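Student: Pasting a structure below so you can have a look.
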Amino acid sequence: MIKILFLLVLCLVTTGLFGQEVHDLSRAQKDSIRYTAIKERMYKRKFTREIYRLFFRDVYNQKKTIGAEVTEVEVNPFAEYKGRIIRNITVHQLDVMGASVYDTTRKGNRLQRFVSEKVHINTQEKAIRRSMLLFREGDSVDPLLFKENERILRQSNVLLDARILVQPVSDGEVDVEVLVQDVWPVIPEGSFSGFHNFKAGFTNHNVKGWTHSSTNVFRWRGEDTLQKLGFRTLYTIPYIKRSFVSGQAGFIWERDLKQQFIKFERPFLSVETRYAGAFEMGLKNVREYKKETDNLDSTLMFPVQNAYLDLWAGRAFRLGHSAGNQTKRLVVASRFYSYSYLDRPVVSADSNRAYWNQSNLLFSVGFSNRNYRRDLLIFGFGRTEDVPIGSLVSVTTGRSNTEFGSRAYAGLRFSKGGYLPGRYGYLYGLADMGSYIKSGDPHQGVLNVTINYFTPLMRLGLSQVRQFVNLRYTRGFNRDPLEYINLTDEYGLRGIRSDRLIGKKRLNLGMETVLFSPGSFLGFRGAHFAYIDLGLIADEGSLWRNRLYSGFGLGVRLRNEHLTFNTIEFRLSYYPNVPALSSPFRLGVSGATSLQLQDFDISAPAIVPLR
């Protein structure tokens, strides 16, 4: 409780100056962190200057031109150097705390410098050069490749931010400087409810600076009659040399999940990637808890165990070499996967089809147009975010051979997203549908429609505000009784899990206003938010004849972008008509993971999931 109160105080300190405005400066001249006036006052005296430097950091990204608007981001800064030969490549690693890729002269305070230099192990330069750069000395500058490589660096789990700077040395040669800044890689994990119930472990996302990731967690439930001791260990190699193939092995032995697996994967990481694929095999044992939609008063519990094999391969073809076609690709892919159940509920030719023994062969062909624009303060708290812009169309077909005969499959996916003209925000739309077909009749089908929108950054005093709107419709048709969707947590009313809100069709609308605070305290940024969630769910019949469920809430999120910890979220929620709740009010504290925008890459052919 003391820790929670302390973090709340930190957030109030960082956001307590909303009412002050700077009237005399033009938009382009204002400091990108919106509290220059506070900084100037505190810098007048040595004592207050040291206090400022100890507790506050300028966290909004800036261009090198002082005072430039952070939303004025160049489309491709490498275009003017196209075709020039790379003479030298220098990797410049910044301190993990206190520094910024947008201001390399910035230094941290004594504590930050001590942690950066004495405690943290930087990513090995060898690993960056060998596994994370798509170009070498002697190559010619490819603007699209450079832009994609910068995005890939920022996408890595071990880096907070990255920039690639090009310095011309002659008409035909350039020097390249790669600026990278690590994140703090070690994440402790634990809980304690007494010596009869506790959990402890950690994840290291950058083992010895080689970008490898290791997770080790164990849990003790002394009073659990099913299983007292549980543990999981995972090891990941994200980049195997310059191949961009990642490898992962895992061993999980927990009460409700036991799994052993090995996996190798190479995605279509950038628009320049021509070949992609994956291989995975493993053994999985899950204890499932299910409701029947026509009998919500009882819960079914049964073990499900299966051995599985999954492999796919794909090839991307560039559609022309003109400037307008650089990011357009035609992608063909095929996939084979099989499930062999060792334990499952009773199955028949017309029931529990999700648990059939089966092998599937799928093929897909698709068109993808992928581009990105750099922005900030969307889901991050000041780091550079690469916003996908483009479109995708793909068709999937195939056959599934099961113990009850063969059936066909067909699916279609379309998505499009981008910034609206006139600075009206970002809009993304997705339509995804698919179904098995047997004897001309569709079954186990799914239709998903998603619309996401967020506004441009708007000012409120010294702070910045965004509005988010998310609309989603999901329908499953000809599904089995144990196949259903729910209207809770990430799929509807956030903050609750209820087995009463289940069905085969769902419509939900979420609206959220986020106010980003103008400064940071001990590296932590605060963001206030208020939201409304509305949803309809039904098993059969019309959605509109069912009750409209709702949730309202407000709260605070805290995050330090230099750490790999999840965002800390404090939320007060009100649910006026959700059944079977002990109270309509909920006070929650959780570690929320950072969300990401949907990309327009095409990966393995897949069955559209019902979720």
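Student: When you check His562 against the structure, is it over 30 Å from Lys505 (Cα atoms) and at pLDDT 90 or above, yes or no? Before the answer, list the steps.
Tutor: Values: over 30 Å from Lys505 (Cα atoms): yes; at pLDDT 90 or above: no.
No.
Student: Another question, if that's okay. Can you tell me which residue within the range 352-377, out of those that are in contact with a Pro (Cβ under 8 Å, 6 or more places away or on another chain) and part of a strand (DSSP E or B), is surrounded by the fewest Cβ atoms within 10 Å (Cβ to Cβ)? Give the derivation first.
Tutor: Going through the range 352-377, the residues in contact with a Pro (Cβ under 8 Å, 6 or more places away or on another chain) turn out to be 352, 355, 362-364, 370-372.
Next, only the ones that are part of a strand (DSSP E or B) stay: 362-364, 370-372.
On the way: Leu362: 21, Phe363: 14, Ser364: 23, Arg370: 20, Asn371: 20, Tyr372: 21.
Filtering first and then ranking leaves Phe363.
Student: Another question, if that's okay. Restricting to the range 506-529, count the residues that are open to solvent by 30 Å² or more (accessible area, probe 1.4 Å) and free of Cβ contacts under 8 Å to residues at least 40 places away in the same chain.
Tutor: Residues meeting the conditions: 1.
Student: Restricting attention to the range 399-443, and to residues there that are in contact with a Lys or Arg (Cβ under 9 Å, 6 or more places away or on another chain) and among the charged types (D, E, K, R), which single residue is modelled with the lowest pLDDT?
Tutor: This residue is Lys438.
Student: So, of the residues in the range 340-351 that are small (Gly, Ala, Ser) and not in a loop (DSSP other than H, G, I, E, B), which turns out to be surrounded by the fewest Cβ atoms within 10 Å (Cβ to Cβ)? It would help to see each step written out before you state the result.
Tutor: At the first step, the residues of the range 340-351 found to be small (Gly, Ala, Ser) are 340, 348-349, 351.
Right, trim to not in a loop (DSSP other than H, G, I, E, B) and you get 340, 348, 351.
Values: Ser340: 14, Ser348: 9, Ser351: 13.
Filtering first and then ranking leaves Ser348.
Student: If you take the residues in the range 98-129 that are at pLDDT 90 or above and not in a loop (DSSP other than H, G, I, E, B), which one is most open to solvent (accessible area, probe 1.4 Å)?
Tutor: Selected residue: Lys126.
Student: Cβ contacts < 6 Å: first residue surrounded by 16 or more Cβ atoms within 10 Å (Cβ to Cβ), restricted to the range 431-443; second residue among the β-branched types (Val, Ile, Thr) and outside any strand (DSSP E or B), any location; separation 6+ or different chain. Result?
Tutor: Filtered contacts from the range 431-443: Asp432/Val608; Gly434/Val608.
Student: Might you let me know whether the range 561-569 holds any residue that is surrounded by fewer than 17 Cβ atoms within 10 Å (Cβ to Cβ), without any contact (Cβ under 8 Å) to a residue 12 or more places away in the chain and not in a strand (DSSP E or B)?
Tutor: No; the residues of the range 561-569 include none that is surrounded by fewer than 17 Cβ atoms within 10 Å (Cβ to Cβ), without any contact (Cβ under 8 Å) to a residue 12 or more places away in the chain and not in a strand (DSSP E or B).
Student: Checking Arg154 against (1) part of a strand (DSSP E or B); (2) open to solvent by less than 50 Å² (accessible area, probe 1.4 Å); (3) of a type in the set (Lys, Arg), only one condition comes out false. Which one?
Tutor: Of the numbered conditions (1) part of a strand (DSSP E or B); (2) open to solvent by less than 50 Å² (accessible area, probe 1.4 Å); (3) of a type in the set (Lys, Arg), the odd one out for Arg154 is (1).
Student: Could you grab me the full set of residues in the range 534-545 that are open to solvent by 40 Å² or more (accessible area, probe 1.4 Å) and more than 13 Å from Lys504 (Cα to Cα)?
Tutor: Leu534, Trp544, Arg545
Student: Are any of the residues in the range 136-146 surrounded by fewer than 17 Cβ atoms within 10 Å (Cβ to Cβ) and at pLDDT below 90? Can you show your working first?
Tutor: Looking only at the range 136-146, we keep the residues that are surrounded by fewer than 17 Cβ atoms within 10 Å (Cβ to Cβ), and these are 136-140.
Then drop every residue that is not at pLDDT below 90, which leaves none.
Within the range 136-146, none of the residues are surrounded by fewer than 17 Cβ atoms within 10 Å (Cβ to Cβ) and at pLDDT below 90.
Student: Pairs please, first residue from the range 537-549 and closer than 16 Å to Tyr473 by Cβ, second anywhere and exposed (fewer than 11 other Cβ atoms within 10 Å of the Cβ), Cβ atoms under 8 Å, 6+ apart in sequence or on different chains.
Tutor: Every condition considered, the pairs that remain are Ala538/Arg545; Asp539/Asp294.
Student: May I pose another question? Please work out if Phe264 is under 30 Å from Arg370 (Cβ atoms), open to solvent by less than 60 Å² (accessible area, probe 1.4 Å) and among the aromatic types (Phe, Trp, Tyr). Working first, answer last.
Tutor: Details: under 30 Å from Arg370 (Cβ atoms): yes; open to solvent by less than 60 Å² (accessible area, probe 1.4 Å): no; among the aromatic types (Phe, Trp, Tyr): yes.
No: the conditions fail for Phe264.
Student: OK, next. Which of (1) without any contact (Cβ under 8 Å) to a residue 24 or more places away in the chain; (2) open to solvent by less than 70 Å² (accessible area, probe 1.4 Å); (3) out of contact with any Asp or Glu (no Cβ under 8 Å at 6 or more places or on another chain) is the odd one out, the single condition Leu165 does not satisfy?
Tutor: Of the numbered conditions (1) without any contact (Cβ under 8 Å) to a residue 24 or more places away in the chain; (2) open to solvent by less than 70 Å² (accessible area, probe 1.4 Å); (3) out of contact with any Asp or Glu (no Cβ under 8 Å at 6 or more places or on another chain), the odd one out for Leu165 is (3).
The values are calculated or read from the model by the stated rules, or taken from the named source; none is laboratory data. Since the structure is predicted, the reported quantities are computational estimates derived from the model, not experimental observations. FYI the Cβ positions are ideal-geometry reconstructions off the backbone, even for glycines, and counts take in every protein chain you see. SASA here: full protein model, heavy atoms, side chains in, ligands and nucleic acids out. Shrake-Rupley method; radii C 1.70, N 1.55, O 1.52, S 1.80 Å.
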